[in-house]
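I have placed the structure first, in the form of structure tokens, so that the comments after it can refer back to it.
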Amino acid sequence: MSKDLYQSTLNELANFDSATISNAIESFNVRDRTEGYASMELKCQFPTLPPMVGFAVTCTMDSTTSRPRQDSRIGDSFDAVMASQKPVIIVAKDVGNDNLRSCFFGDMICAALKSLGATGVITDGGVRDLAGIQKNAPGFHVFSPGVVVSHGNIYKLEFNIPVRVGGLEINSGDLLHGDENGIVNIPFSVADKLSEEAARIKSYEEDFFKYVSGESATREGIEKLFY
């Protein structure tokens, strides 16, 4: 399937957790099983939200380099969201000199991005205003290593370039799926087939849990049921 996915396909993908989507992708043997997912570095800041599904808009950002105050290029980020297929997921790579003190997203920018068609942000830098994001941009997803109190000296450098965050290579336009389990990149070649395979996997797992919780479960029987 091309990048022009129907909204119905995106809605179907959102019915499954990211771990199940990852398992479903494996069924099609389209990539090595060590590829296509982010590390535990990218923490889901709102784990009670339903899964996030959307198309990446990538950028590099720096908030820790000392420089005279200048235009943060926030308007360019708005333009990038508006020009992209919806829903959008902003993916920001920190290229500053002090990653643990970086901070790129707070409640105001998240509310603005949501209003323009974004469903979440992914960054290997910091974020802040978590309570404010929940209040003023309800349902908006945030994935980051943690929170930092100050936005520092934010400047956006480049847009729509390949980035690597949490060990995952992401290009603008990539289809991403994320929840409390983490982030997975969905190959377009199997996107329209994943919901059916994910449903099969969920059904299999339900049978597995039913068996292992029953009195007739045996060691040999349990082993046979594993993938």
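The values are calculated or read from the model by the stated rules, or taken from the named source; none is laboratory data. Nothing here was measured: the structure is a model prediction, and the numbers come from that model. Positions of Cβ are generated from backbone atoms using ideal geometry, with glycine treated the same way; all protein chains shown enter the neighbour counts.
Here are the numbers:
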read-out	value
Condition met for Ser8 (small (Gly, Ala, Ser), without any contact (Cβ under 8 Å) to a residue 12 or more places away in the chain and more than 15 Å from Gly173 (Cβ to Cβ))	yes
Checklist (1) at pLDDT 95 or above; (2) under 18 Å from Phe159 (Cα atoms); (3) among the β-branched types (Val, Ile, Thr) applied to Ile74, failing item	(1)
Members of the range 185-219 found to be touching a His at 6+ places or on another chain (Cβ under 9 Å) and among the β-branched types (Val, Ile, Thr), listed by number	Ile186
Any hit, the range 31-51, residues being of a type in the set (A, V, I, L, M) and either over 20 Å from Gly120 (Cβ atoms) or not in a loop (DSSP other than H, G, I, E, B) (or both)	no
Residue in the range 67-122 that is surrounded by the fewest Cβ atoms within 10 Å (Cβ to Cβ), counting only those that are among the polar types (S, T, N, Q), out of contact with any Phe, Trp or Tyr (no Cβ under 8 Å at 6 or more places or on another chain) and assigned to a loop (DSSP other than H, G, I, E, B)	Asn97
Considering residues of the range 47-66 that are more than 14 Å from the chain's Cα centre (by Cα) and among the hydrophobic types (A, V, I, L, M, F, W, C) only, the residue farthest from Phe16 (Cα to Cα)	Met61
Boolean, Phe188 is among the hydrophobic types (A, V, I, L, M, F, W, C) and farther than 19 Å from Gly36 by Cα	no
Pairs where the first residue, in the range 160-177, is under 14 Å from Arg31 (Cβ atoms) and aliphatic (A, V, I, L, M) and the second is modelled with pLDDT of 95 or more and part of a loop (DSSP other than H, G, I, E, B), C-beta under 6 Å, 6+ apart	Leu168/Ala38
Residue within the range 41-62 that is more than 21 Å from Asn171 (Cβ to Cβ), buried (at least 23 other Cβ atoms within 10 Å of the Cβ) and among the hydroxyl-bearing types (Ser, Thr, Tyr) present	no
Tabulated pairs, the range 18-39, first in contact (Cβ under 8 Å) with a residue 40 or more places away in the chain and within 14 Å of Phe188 (Cα to Cα), second polar (S, T, N, Q) and buried (at least 18 other Cβ atoms within 10 Å of the Cβ), C-beta under 7 angstrom, 6+ apart or interchain	Gly36/Asn185
Positions within the range 145-163 being loosely packed, with under 14 Cβ neighbours inside 10 Å and either under 21 Å from Asp76 (Cα atoms) or touching a Ser or Thr at 6+ places or on another chain (Cβ under 6 Å) (or both), in sequence order	Leu157, Ile161, Pro162
From Lys224, Lys193, residue being without any contact (Cβ under 8 Å) to a residue 60 or more places away in the chain and part of a helix (DSSP H, G or I)	Lys224
